[in-house]
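Read through the structure below, which is laid out as structure tokens, and then see the notes.
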Amino acid sequence: MKNVIISGGTDGMGRATALRRLERGDAVTVIGSSEAKGRALVDHAANPNLRFLRADLSSVAEVERVVRQVSELHESVDALALFANRVNAKRIETPDGLESTFALYYLSRYLLGHRLRPLLDASPAPVVINVAGVGTTAGRIHWDDPQLTSNYGQVRAQLQAGRANDLLGVAFSGRARYVLYHPGFTRSGLDGHENPLVRGALRLLGRVFARPVEEAVRPIVEWIDIPPGAPLTAVDRGKPVPLSLKTLDPDDAARLAAYTQTLVR
């Protein structure tokens, strides 16, 4: 039995990964913001090895609370799978004064990985799987205004956080193998957009072009069983990504890590 922690696990790929790992006999902790979706997952799984923790992971205090709960319940973590994300049409500022996409899509993953590192290091074969957009080179870190206080756009925010997650994988250190995974367009999270016209368009496109969720999560399920051998692995839609890619620059990774540390001290 492996101990698996999944952020953003009540929908789409996170939910599917949780259910597949439960089928393999794992103890699975799912973190999500919706109590209703969490309860629905628990009821659907009907499995005593599933635990749901409700938390708004865009809040630093909430992430820290979740880390404390996990640390009280477990002596080790075998796999940490990071899915949590939300698209915001308008700029939202968290109580910590951070842009919400940056806080949820990137910072929560930074905090979960680093705060749970002692438990990961206690596992015989730990792995962190960060599901974002590695291999995509669009977007960048806006070093002059990483919180996008001016010129905010939802695509701009998503791309920046995606590139930040690329750099997070580069900078991560510890016993755990780190996997950056871009599944491509998947039938996951297509009902989450607040604009009903956009939501309808995504559903239509998803039926025609998107990969089934079960297909997209298959590598994740297998990596939890057998982590890759390299400290960092990057996979874009089934193909290895060279670590020499400009979006995986170690100097940029160190710069982002230093900036992030100023936010969470």
Review point. Any idea which of V28, V42, V67, V63 is within 14 Å of the chain's Cα centre (by Cα) and either closer than 27 Å to L256 by Cα or not aromatic (F, W, Y) (or both)?
Key: V63
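Would you say A230 is farther than 19 Å from G184 by Cα and modelled with pLDDT of 95 or more? Reasoning before the result, please.
Details: farther than 19 Å from G184 by Cα: yes; modelled with pLDDT of 95 or more: yes.
Here the answer is yes, as A230 does meet what is asked.
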Point to revise | Residue that is farthest from the chain's Cα centre (by Cα), among those in the stretch 120-172 that are in a loop (DSSP other than H, G, I, E, B), under 20 Å from A84 (Cβ atoms) and among the hydrophobic types (A, V, I, L, M, F, W, C) | key: L148
Exercise for review: Output the residue which, of all residues in the stretch 233-265 that are of a type in the set (D, E, K, R) and closer than 26 Å to S59 by Cβ, is surrounded by the most Cβ atoms within 10 Å (Cβ to Cβ).
Suggested key: R255
Exercise for review: Quickly run through the stretch 233-265 and pick out the residues that are modelled with pLDDT of 95 or more and among the aliphatic types (A, V, I, L, M).
Suggested key: A234, V235, V241, L243, L245, L248, A253, A254, L256, A257, A258, L263
Study note, to complete from the structure: Restricting the stretch 17-40 to residues that are buried (at least 22 other Cβ atoms within 10 Å of the Cβ) and aliphatic (A, V, I, L, M), the one nearest to P126 (Cα to Cα) turns out to be V28
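Taking the options G174, G184, G153, G162, name whichever one is surrounded by fewer than 21 Cβ atoms within 10 Å (Cβ to Cβ) and closer than 21 Å to A258 by Cα. Step through it out loud before you land on a result.
On the way: G184 fails: closer than 21 Å to A258 by Cα; G153 fails: closer than 21 Å to A258 by Cα; G162 fails: surrounded by fewer than 21 Cβ atoms within 10 Å (Cβ to Cβ).
Unique residue meeting the criteria: G174.
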Review point. Hey, E62 hits all of (1) farther than 24 Å from Y178 by Cα; (2) surrounded by fewer than 24 Cβ atoms within 10 Å (Cβ to Cβ) but one; which does it fall short on?
Key: (1)
Check your understanding: Between a first residue in the stretch 63-74 that is hydroxyl-bearing (S, T, Y) and a second residue that is part of a helix (DSSP H, G or I) and surrounded by 14 or more Cβ atoms within 10 Å (Cβ to Cβ), which pairs have beta carbons less than 7 Å apart while being 6 or more apart in sequence or on different chains?
Key -> S71/L119
Exercise for review: Give the residues of the stretch 219-252 that are of a type in the set (S, T, N, Q) and either free of Cβ contacts under 8 Å to residues at least 12 places away in the same chain or closer than 28 Å to K2 by Cα (or both), sorted by residue number.
Suggested key: T233, S244
Practice item. Go through the stretch 114-132 and count every residue that is crowded, with 21+ Cβ neighbours inside 10 Å and touching a residue at least 60 places away in the same chain (Cβ under 8 Å). Key: 5
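The values are calculated or read from the model by the stated rules, or taken from the named source; none is laboratory data. Source: prediction; values computed, not measured. Cβ: placed from backbone, ideal geometry, glycine included. Neighbour counts: every protein chain shown.
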